[in-house]
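Data block below; observations after.
Every number here is computed from the coordinates shown, using simple stated rules; none is lab data. Note that the structure is predicted; figures quoted are calculated from it, not measured. As a convention, Cβ positions derive from the backbone with ideal geometry for all residues, glycine included, and neighbour counts pool all protein chains shown.
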Amino acid sequence: MEEMTFNIKNINKTYGNKVIFRDFEIDFYRDKVNCIIGKSGCGKTTLLNIISGVIKSDIEDFETLERFKLSYIFQEDRLIQWLTVEENIKLIGKKYYDESVIDSVCDKYLELVGIGEYKKYYPQMLSGGIRQRVNIARAFICPSKVIIMDEPFKSIDAKNKKMIIERLKEIFKKEKRTAIFVTHDIEEALLLADKIFILGDSPVNIKDILDNNKNLEKNSLYSLI
Ligand SMILES: Nc1ncnc2c1ncn2[C@@H]1O[C@H](COP(=O)(O)OP(=O)(O)OP(=O)(O)O)[C@@H](O)[C@H]1O
């Protein structure tokens, strides 16, 4: 039987003489939205970067999630400046979809984040919020098993954020994907997460793992961070 979790152990990272992770271990729930919250600078982005292989753990005996099909939404914009919005998305999509369907698949993901009208625009013509929506479409067109999202809704206005979160929830209901999702926004966590990991720091530790059910309250989450 397939394991219910992705177990990641032996995470070690030191910057200068500051120990960020020491023998840290975490179990992410498969096919669930795993949300990570914790105070600024505690090590959340470093954790995402290590587990996805973007930066190396300090020790060799470490297995990343790269063995699964991964897609990412990074905090910063990694769009290719000389390609239009649709070309940026198709660049990823064409690895997985046939030439004959790629236009309609691309349109579907543009609509998912509500930016169909911008498909012929180049990234430098777009606001930060629209660029971030392109990043989301590009990550979701990849039929990834694991999707890593580092503050994916940063710079997106409240109304569109709510719309996108509702649509992503539908996707997560239909498709088997494991999301590992960092946010500072407790409302986002409550709207999208299945499980909420509260991280402490120096070195990083798991203070709590909560089931996001209707009994979970915003104020109780604030008090845990
Ligand atoms: N390349 C680096 N060199 C030195 N220190 C670093 C480097 N990257 C991160 N750090 C330090 O490691 C710690 C964890 O950083 P990280 O960006 O992972 O935190 P975070 O929890 O994601 O923060 P935030 O919530 O503000 O985005 C911070 O103290 C940061 O200053």
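Quick notes on this one:
- Residues of type aspartates and glutamates that K18 reaches as a straight line, Cα spacing below 12 Å, ignoring anything fewer than 8 places off in the same chain: D201
- Environment charge at K218 (Cβ cut-off 13 Å; Lys +1, Arg +1, Asp -1, Glu -1): -3
- N7-I171 pseudo-label distance in nm [points 7 Å out on the Cα-to-Cβ vector]: 3.1 nm
- Förster-model FRET efficiency, 25 Å R0, K218 and E63, C-beta, rounded to 0.05: 0.10
- Largest mean-square fluctuation among N135, N215, N12, in a Gaussian network model of the chain whose springs join Cα atoms under 10 Å apart, belongs to N215.
- When the chain is treated as a Gaussian network with alpha carbon springs shorter than 10 Å, the biggest mean-square fluctuation among A189, A137, A158 belongs to A158.
- Which of D185, D27, D98 has the fewest Cβ neighbours within 10 Å, and the rest in rising order: D98, D185, D27
- DSSP-defined beta bridges in the chain - what % are antiparallel, rounded to 5: 45 percent
- Given K13/K169; K13/K39; K95/K174; K69/K218; K154/K218, the pairs whose alpha carbons are separated by over 29 Å: K13/K169; K69/K218
- With eigenvalues of the C-alpha gyration tensor scaled by 5 and rooted, the chain, Å: 29, 20, 17
- With Cα atoms defining each centre, the range 118-169 and the range 1-66 are spaced 24 Å apart in the structure.
- As a rough footprinting exposure proxy, the listed residues Y29, Y72 were ranked by other beta carbons within 10 Å of their own, and the order from fewest upward is Y29, Y72.
- Per the Cα gyration tensor, the range 78-143 maps to an equivalent ellipsoid with semi-axes of 18, 11, 10 Å, ordered largest to smallest.
- Counting neighbouring beta carbons within 10 Å and listing from fewest to most, the residues T183, T64 come out as T64, T183.
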